[in-house]
Amino acid sequence: PMKIHVLYNTLQVIGIAYVTTALVMLIPSRAVQVAIPIAMAAAMGLIVHLCGHGDYSQTGNFAYRFDRIFWGLFLPANQHSLQPNGYYSYLLPQLACNALTMCGYECARLLKDGRKPWAKAGVLLALAAALFVSAWLVSFKVPVIKHIYSASFSLLVAGWIIVALAVLYVVTDIWRFRRGTGIVLLWGQCALFAYFMSHVFPGSYWSVSEKCLQGLPRLVSDARLVTVLNAVGAMVVLTFFMAVWRLFRQARKGW
């Protein structure tokens, strides 16, 4: 029990964000649906900044301290969830993650509405530009910190995500350039599967890669480059299993 992580993993954060977004989708009012992610992101940013008195140091920021304060109310001293996890925080940043997931939902709705294709891309890029400007302005007071999903970081991430979506939409749906995009679609459709497999069986992929690339260390003198090549090999192995998994799912539907 002392080694159980109560909330300590990206998949848990994604799961909570999915559930929260699903519940918001049930709300009939579009105005409320749009307002909720904005309110969550704003609440997270204001709470961390005001309650932390502007302290964004590694262990002094309020997001980090709040995790320890909250879990300390229920867990015994020295329990694993109270220990540093690379100084990541989860409880308050969950609000920002919820907002980012709902942002993705709203972008998906936009791409399915009746606007003309170029108008959709324009709206996405305009929204991304607004987020970039907001992130820049907020960064004067709040530094960009991934570990706690600071307000400036969340705005910056949202902007880049929307830019990526807009570019892919233009390339694949407007210009209809889809040749060679199978690998991108594969990773997009099996992203959680890839994440799960890489964390549950990380040694297996790496071991296969090292055995298949045994001759490379003799050809490459830089140890860092060997590590990169082995990582690429592990990714190839993982991609193979993802392709097999997708083929299995498609075959099962036909049974």
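In the stretch 148-255, counting only helices (runs of 4 or more DSSP H) that sit wholly within it, the ones holding 2 or more residues that are over 30 Å from Val138 (Cα atoms) span 182-189, 191-200, 202-212, 216-219, 223-253.
Residues checked against (1) under 22 Å from the mean Cα position of the chain (by Cα); (2) of a type in the set (Asp, Glu):
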{"position": "Ala31", "(1), (2)": "no, no"}
{"position": "Val34", "(1), (2)": "yes, no"}
{"position": "Pro37", "(1), (2)": "yes, no"}
{"position": "Ala41", "(1), (2)": "yes, no"}
{"position": "Met44", "(1), (2)": "yes, no"}
{"position": "Gly52", "(1), (2)": "no, no"}
{"position": "Asp55", "(1), (2)": "no, yes"}
{"position": "Asn61", "(1), (2)": "yes, no"}
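Of the numbered criteria (1) of a type in the set (Ser, Thr, Tyr); (2) touching a residue at least 12 places away in the same chain (Cβ under 8 Å); (3) under 24 Å from Gly104 (Cα atoms), the one Tyr56 fails is (3). Within the set Val184, Val237, Val232, Val208, the sole residue that is loosely packed, with under 14 Cβ neighbours inside 10 Å, over 30 Å from Lys116 (Cα atoms) and modelled with pLDDT of 80 or more turns out to be Val232.
For Arg179, the conditions (1) in contact with a Lys or Arg (Cβ under 7 Å, 6 or more places away or on another chain); (2) open to solvent by 70 Å² or more (accessible area, probe 1.4 Å) are fulfilled apart from (1). For the stretch 91-126, a residue qualifies if it is without any contact (Cβ under 8 Å) to a residue 12 or more places away in the chain, within 23 Å of Val19 (Cβ to Cβ) and of a type outside the set (A, V, I, L, M, F, W, C), and the qualifying residues are Arg109, Lys112. The residues listed here are Arg218, Arg252, Arg224, Arg246; of these, the one that is open to solvent by 80 Å² or more (accessible area, probe 1.4 Å) and under 19 Å from Leu192 (Cβ atoms) is Arg252. Here Arg178 meets the list (1) under 18 Å from the mean Cα position of the chain (by Cα); (2) under 25 Å from Met242 (Cβ atoms) almost entirely, failing just condition (1).
The values are calculated or read from the model by the stated rules, or taken from the named source; none is laboratory data. Just so you know, these numbers come straight off a predicted model, no measurement behind them. Backbone-built Cβ (ideal geometry, glycine too); neighbour counts: all protein chains shown. Keep in mind that these areas ignore ligands, DNA and RNA; they rest on the heavy atoms of the full protein, side chains included. Shrake-Rupley method; radii C 1.70, N 1.55, O 1.52, S 1.80 Å.
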